[in-house]
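Okay, here's the structure, questions in a sec.
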Amino acid sequence: MAKKSWPVLVGEYTSLAFLLPVSAFVGYAIGYLLDKALHTTWLYIPFLLLGIASGFVQLIRQLLKDTRDDGES
């Protein structure tokens, strides 16, 4: 596999920098909207935690993929 050019690597790692905060915000937003729709006050917490966990899972997947690709060449 050919090595990736530096602009491609910059783009990939910049997207990783936004991944965790965006996934946490999306989880919070879903929980907040469910709280408003169901008239509860606690659903934002588990959805925030799910958003954070999903961000970490995707971050780890991407880093493992990048390190695996580096080792093949």
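Only one of Leu63, Leu49, Leu16, Leu43 is aliphatic (A, V, I, L, M), surrounded by 11 or more Cβ atoms within 10 Å (Cβ to Cβ) and in contact with an Asp or Glu (Cβ under 9 Å, 6 or more places away or on another chain). Can you tell me which?
Result: Leu43 is the single residue among Leu63, Leu49, Leu16, Leu43 that is aliphatic (A, V, I, L, M), surrounded by 11 or more Cβ atoms within 10 Å (Cβ to Cβ) and in contact with an Asp or Glu (Cβ under 9 Å, 6 or more places away or on another chain).
Working only within the stretch 22-33, note down all residues that are free of Cβ contacts under 8 Å to residues at least 24 places away in the same chain and exposed (fewer than 14 other Cβ atoms within 10 Å of the Cβ).
Scanning the stretch 22-33 gives a single hit, Leu33.
How many residues are of a type in the set (A, V, I, L, M), in a helix (DSSP H, G or I) and in contact with a Gly (Cβ under 6 Å, 6 or more places away or on another chain) when one looks only at the stretch 21-45?
Here the count works out to 2.
Would you point out the residue of the stretch 1-20, among those that are in a helix (DSSP H, G or I) and farther than 20 Å from Ile60 by Cβ, that is modelled with the highest pLDDT?
Within the stretch 1-20, the match that is modelled with the highest pLDDT is Pro7.
The values are calculated or read from the model by the stated rules, or taken from the named source; none is laboratory data. This one's a predicted model, so the numbers in the text were calculated from it and none came from an experiment. Note: ideal-geometry Cβ built from the backbone for every residue, glycine included; neighbour counts use all protein chains shown.
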